[in-house]
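Each value in this text was obtained by applying a stated rule to the coordinates, not by laboratory testing. Just so it is clear, the structure is predicted and the values come from calculations on it, not from any experiment. Cβ: placed from backbone, ideal geometry, glycine included. Neighbour counts: every protein chain shown.
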Amino acid sequence: MKNPKSPYRKGRHLRKLSGLTEGLIAPAMRKRGLVLTKIIAGWPDIAGDAHQWCLPSDITFPANSRIDATLTLSVASGRGPQIQMMSQEICKRVNSFCGFAAVSRLRIRQDLQSPRSLPARRQAAPMFEEKGKADKLALARLEKATANIKNPELRAALIRLGRTIN
């Protein structure tokens, strides 16, 4: 007969997932702060459509204070002016989400590598053929426009830039 208190019986019952992950998540939450964790968790609701190309990365409170912080946002390249225009609205939304005047200003860093996007839907084959032809035409135009550039690295970089813009 087996002893019910044996170490082999210990791990056979169900445990809450939160109990298992708490030890892993707690140090990160202490380091980043509860307010930032709450903002990150609710970011799609706070930022609306902007959540696809910007993310909160840090929050800095004034000395001996837990209000009027500066929220640092990582923004996709080229979206800085747009997020700057939305800064007051985002501050209001963050404060209403947190329930107190947690953030008074935003700091913008344009360092987000690639904007997050929704999974692409499967499209019909004719659309791919038309897109392939359009890509070839665009590439031909880019190569023609950069034909005068002698530096091959600069020319390749400009062609890559042109492809991302198209």
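Taking the number of Cβ atoms within 10 Å of each Cβ as an exposure proxy, the fewest-first ranking of ASP58, ASP111, ASP49 is ASP49, ASP111, ASP58. Among CYS91, CYS54, sorting on how many other beta-carbon atoms sit within 10 Å of each Cβ, with the fewest leading, yields CYS91, CYS54.
Classified by the C-alpha gyration tensor, region 26-112 has a prolate form. Its axis ratio a/c, with a ≥ b ≥ c, is 1.5 or above, and a/b is larger than b/c. Say R0 is 25 Å: what FRET efficiency, to the nearest 0.05, do PHE100 and ASP49 get from their beta-carbon distance? According to the calculation, E is roughly 0.45. Between SER77 and LYS16, the FRET efficiency estimated from the beta carbon spacing at R0 = 35 angstrom works out to 0.25.
The packing ranking, built from the mean of other Cβ atoms within 10 Å per residue, places the peptides 69-76, 38-45, 140-147 in the order 69-76, 38-45, 140-147, highest first.
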